[in-house]
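Notes for the one structure printed next.
Where a number appears in this text, it was derived from the coordinates with a stated rule and is not lab data. On a predicted model such as this, the values are computed, not experimentally measured, just so you know. All Cβ positions, even for glycine, are placed from backbone atoms using ideal geometry, and neighbour counts span all protein chains on display.
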Amino acid sequence: MDVPSTLLLLGLVIALLLLLRWRNKPKNLPPGPTALPLVGNILSMDNRSPFKTFLKWSKTYGPVMTAYLGSQRVLVLVGYETVKEALVDNADDFVGRAPVPFVQKILKGYGLIISNGERWRQLRRFALTTLRDFGMGRKRMEGWIHEESRHLLDTFKDTKAAPFDPTFYLSRAVSNIICALVFGQRFSYKDTHFLRLLQIISGMLQFGSSSLGQLYNVFPRLVDLFPGKHHTVVKEVDEVKAFSRGKVQEHKESLDPDNPRDFIDCFLIRLNQ
């Protein structure tokens, strides 16, 4: 097939896709920028700072608008009052979370962050109750924070007043407080296994906000066909899962139902009820 015929065929396919989208588009959607077939509005967005694009569009289409990330239609809310009205005043109607393909690939639909349905509601309710019982917002947690602060200050002193990037130091401290709640223990800042896990989690978050990560969330099946960082991240996250499974097994072997030590103990006790 020659080039003109190919271009003509491509043009007809695009026109057909536009027609089908227009015919199948609900009539009561909020206004928004015109989207292209397959790619949606991605080509006109700032990939590094999508929120800047949304702010710009809101001046034309208002604080509630429709946009397309690839073929995925999304509702965009801009501004404090608009977000508050949706997520606070009408929280029950907006409690669900849209599926994020890369997160789905890693977590398989489980977890508290990106999940939905009755299972998620029960897990969230259990988690909030358990974390509160184990010190969330109470004196017990304040003690953990004070202890971790001392370790953090000692680490700062070890720098001998030389310039340093505090980012990773702070992530160690915050992670240790979470570990105290979940695993019942903290880890040394020099623990190589602990540092490796933090590095993996940091890499996963960085990938999620990268251009490739955003592309994966739009075309997951297509991107999966090619080699890239996404395959590496998935394999590395398996290390975190293996570590967590090991901790759960340790808790099973030393569990005392009458004296729960942490979140894992409470979860195991609840499973056995």
Whole-Hz ³J(HN,Hα) for each residue in region 168-174, computed from phi via Karplus 6.51 cos²θ - 1.76 cosθ + 1.60 with θ = phi - 60°, x for glycine and proline: what do you get?
6, 4, 5, 5, 5, 5, 4
Over region 117-272: Rg over Rh, Cα atoms, Kirkwood Rh
1.02
Expressed as a whole number of Å, what is the distance separating the alpha-carbon centroids of region 60-112 and region 191-219?
21
Take the chain, connect every pair of alpha-carbon atoms lying under 10 Å apart with a spring to form a Gaussian network, then pick out the residue of 163, 37, 260 with the largest mean-square fluctuation.
163
For region 22-75, just say rounded, prolate or oblate: build the C-alpha gyration tensor, square-root its eigenvalues into a ≥ b ≥ c, call rounded for a/c under 1.5, and beyond that prolate if a/b exceeds b/c, oblate if not.
oblate
Can you match Rg and Dmax of the Cα atoms in Å to one of these, [x] 23.8, 78; [y] 20.5, 68; [z] 20.0, 60, based on a calculation from the structure here?
[x]
Under 19 Å Cα to Cα from residue 241, which aspartates and glutamates show up? Leave out anything in the same chain fewer than 8 places away.
191, 250, 253, 262, 265
Go through 160/190; 157/247; 157/190; 27/52; 52/105 and tell me which ones have a Cα-Cα distance over 21 Å in this structure.
157/247; 27/52; 52/105
Longest principal axis of the chain (C-alpha) makes with the long axis of helix 229-253 (C-alpha) an angle, in degrees to the nearest 10, of 30
Which residue fluctuates most in the GNM of the chain (Cα springs below 10 Å): 46, 224, 93?
93
Most mobile listed residue (176, 259, 217) in the chain, GNM with C-alpha springs under 10 Å
259
In terms of the charge dipole of the chain, which places +1 on Lys and Arg and -1 on Asp and Glu at the beta carbon, the residue among 128, 219, 184 farthest towards the positive end is 219
Which net charge results for the neighbourhood of residue 124, defined as the other residues with beta-carbon distances under 12 angstrom from its beta-carbon, given Lys and Arg at +1 and Asp and Glu at -1?
+3
What stretch of the chain, leaving out the sites themselves, is the longest with no trypsin sites (Lys or Arg not before Pro) in a DSSP loop having at most 16 other Cβ atoms within 10 Å?
191-260
